[in-house]
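The values are calculated or read from the model by the stated rules, or taken from the named source; none is laboratory data. Because the structure is a prediction, the values reported are computed rather than measured. Cβ: placed from backbone, ideal geometry, glycine included. Neighbour counts: every protein chain shown. Just the protein is used for accessible areas: all its heavy atoms, side chains included, with ligands, DNA and RNA removed. Shrake-Rupley method; radii C 1.70, N 1.55, O 1.52, S 1.80 Å.
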Amino acid sequence: MSTLVTGISELRTVTERGTVKDAALVMENGIITWIGAADAAPAADTALDVGGRAVLPGWVDSHTHMVFDGDRAAEFEARIAGESYAASGIAVTMKATRTAGEDRLTGLLKDRIAEAHAGGTTTIETKTGYGLDVRSEVMAARIAAQYVDEVTFLGAHLVPPGQDAEAYLDEVTGPMLEAVAPSVGWIDVFCERGAFTEEQSRRVLAAGRQKGLGLRVHGNQLGPGPGVRLAVEMNAASVDHVNYVSDEDIAALAASDTVATVLPACDLSTREPLAPARRLLDAGVSVAIASNLNPGTSYTSSMNFCVATAVLQQHLSLDEAIAAATIGGAKALRRHPVQGGLDAKGRPAKGVIAVGAAADLHVLSSHTAINLAYRPGMPHTWCTIRAGEIVYQG
Ligand code: NIG
């Protein structure tokens with residue numbers, strides 16, 4: 001069944017084709033099959049008129065922690081009263097998550113995905129990392145694998161209180177990794193003071209690679225550190241946070257295939273300096289923007305908010321911010337187009353509007369995408385389409 005989408009005031013393809021005004025597109029079986037001027041549109045089985053609105057690729061949220069129970073509102077209140085963020089808060093969420101049970105965690109995850117859809121997100125990566133024992137990490141990975149696009153094993157999020165770090169790492173890189181591996185495609189490590197050292201992080205990543213997983217790193221979030229260099233050394237797909245980076249770190253990223261993922265909502269919530277997205281782009285680094293939804297440092301999945309912050313406070317142009325939140329995220333997940341509209345594994349690519357790519361569309365409420373930054377905080381998402389199906393209609 002083909003659908004002709006009409007009434008598109010501006011179609012931001014995020015490809016070399018740029019923005020097409022007064023556009024139309026056709027989608028069929030979950031992929032885009034035609035793009036062009038409205039007056040040249042072919043016939044299709046059904047039609048969807050979006051009423052003169054702007055259309056972008058659905059946001060690709062390449063960094064979230066969606067499988068958890070409980071919140072940390074009290075910790076947040078203490079922070080706005082002057083406390084600084086510490087990784088040890090993760091243990092509070094660990095306790096709540098371990099006792100939640102599969103049905104409750106599944107319901108919470110589905111609610112969070114629905115919220116993300118309501119903000120124009122169509123592709124989601126999420127991490128384990130609030131179970132921190134074999135049973136709970138496996139449960140989180142299994143639940144996530146049913147509902148999101150990419151699942152990352154983050155057993156190395158924190159050493160659970162009272163456990164010996166090396167003994168815990170033996171478990172993470174041994175039985176825990178073995179047990180979660182069927183449900184995950186990636187491994188990640190929190191390489192930061194208060195979490196894991198460079199050597200420990202290298203060990204985690206090497207074990208994941210040995211198991212056939214792609215690599216990601218949480219790095220340089222709370223201070224200068226080895227995370228970026230380690231990610232580049234290990235050819236990780238992304239290093240995320242990157243608040244405290246040196247010129248050498250930036251040069252290493254620019255010469256690598258590692259995407260630097262900035263998390264503006266997290267930076268605001270933790271009152272860390274915003275990651276230097278402008279400097280990174282100017283140096284030629286591939287940049288992604290993600291929400292980092294989690295109860296400790298970024299309790300929002302709003303990519304609209306992250307994009308507005310990137311424009312207003314990190315000095316990206318609108319085109320740069322949209323690209324970082326779409327094809328940038330897709331690169332961080334290795335789901336970007338490499339040939340036609342297909343990714344490196346021959347799947348419909350994410351993060352672009354191109355023939356052959358996934359029919360993942362974000363229809364804005366307004367006729368122009370500049371309103372994302374010009375009218376920050378307003379309800380911008382009119383409709384979200386994932387693989388050709390409407391998953392949210394405002
Ligand atoms: O990406 N930095 C490490 N992990 C999460 C926060 C986890 C938490 O505090 O619950 C993050 O910010």
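Structural remarks
- When only the Cβ of Lys, Arg, Asp and Glu is charged (+1, +1, -1, -1), the dipole of segment 285-394 relative to its Cα centre reaches about 260 debye.
- Dipole moment magnitude, nearest 20 debye, segment 59-316 about Cα centre, only Lys, Arg, Asp, Glu C-beta charged: 220
- Only lysine pairs 8 or more places apart, or on different chains, with alpha-carbon atoms under 27 angstrom apart are counted in the chain, and they number 16.
- Proximal charge balance of Gly214 [Cβ under 10 Å; K/R count +1, D/E count -1]: +1
- Proximal charge balance of Val138 [Cβ under 13 Å; K/R count +1, D/E count -1]: -2
- Surrounding net charge for Asp103, when Lys and Arg each add one and Asp and Glu each subtract one, Cβ distance under 14 Å: 0
- Relative to the longest principal axis of the Cα atoms of the chain, helix 198-210 runs at roughly 60 degrees.
- Sorting Ser291, Ser317, Ser88 on solvent-accessible area from highest to lowest, probe radius 1.4 Å, gives Ser88, Ser317, Ser291.
- Fraction of beta bridges assigned by DSSP in the chain that are antiparallel (%, nearest 5): 50
- If you wrap the tightest convex hull around every Cα atom of the chain and split its volume per residue, you get 127 Å³.
- Computed over segment 263-350: relative contact order in percent, which uses C-alpha pairs under 8 Å that are six or more apart: 25
- Each residue of segment 344-354 was assigned a 3J(HN,Hα) from its phi angle through the Karplus expression (A = 6.51, B = -1.76, C = 1.60, θ = phi - 60°), giving 5, 9, x, 8, x, 6, 10, x, 9, 10, 8 Hz with x at Gly and Pro.
- The chain - percent relative contact order, Cα under 8 Å, separation 6 or more: 19
- Sites listed here are GluC sites (Glu not before Pro) in segment 1-71 whose DSSP assignment is loop and whose Cβ has at most 14 other Cβ atoms within 10 Å: Glu16.
- Computed helical MRE - 222 nm, the chain, DSSP H runs ≥ 4 contributing -39500 (n - 2.57), nearest 500: -9000 deg cm²/dmol
- Solvent accessible area, Å² - Asp39, 1.4 Å probe, full protein context: 150
- In the chain, the longest principal axis of the Cα atoms and the axis of helix 134-147 are about 0 degrees apart.
- Of the whole protein surface, Lys95 contributes about 140 Å² of accessible area at a 1.4 Å probe radius.
- Taking label positions 7 Å along the Cα-Cβ direction at both Asp49 and Thr368, the computed distance is 2.4 nm, reported to one decimal.
- Exposure ranking of Glu137, Glu166 by accessible area [1.4 Å probe, largest first]: Glu166, Glu137
- Segment 59-316, accessible surface, carbon-and-sulfur percent (1.4 angstrom probe): 51
- Given charges at beta-carbon only (K, R positive; D, E negative), |dipole| of segment 38-111 in Debye: 320
- Since only Val134, Gly346, Ile32 are under comparison, the one whose Cα sits farthest along the positive direction of the charge dipole of the chain, derived from C-beta charges on Lys, Arg, Asp and Glu, is Ile32.
- Relative to the longest principal axis of the Cα atoms of the chain, the long axis of helix 102-118 lies at roughly 40 degrees.
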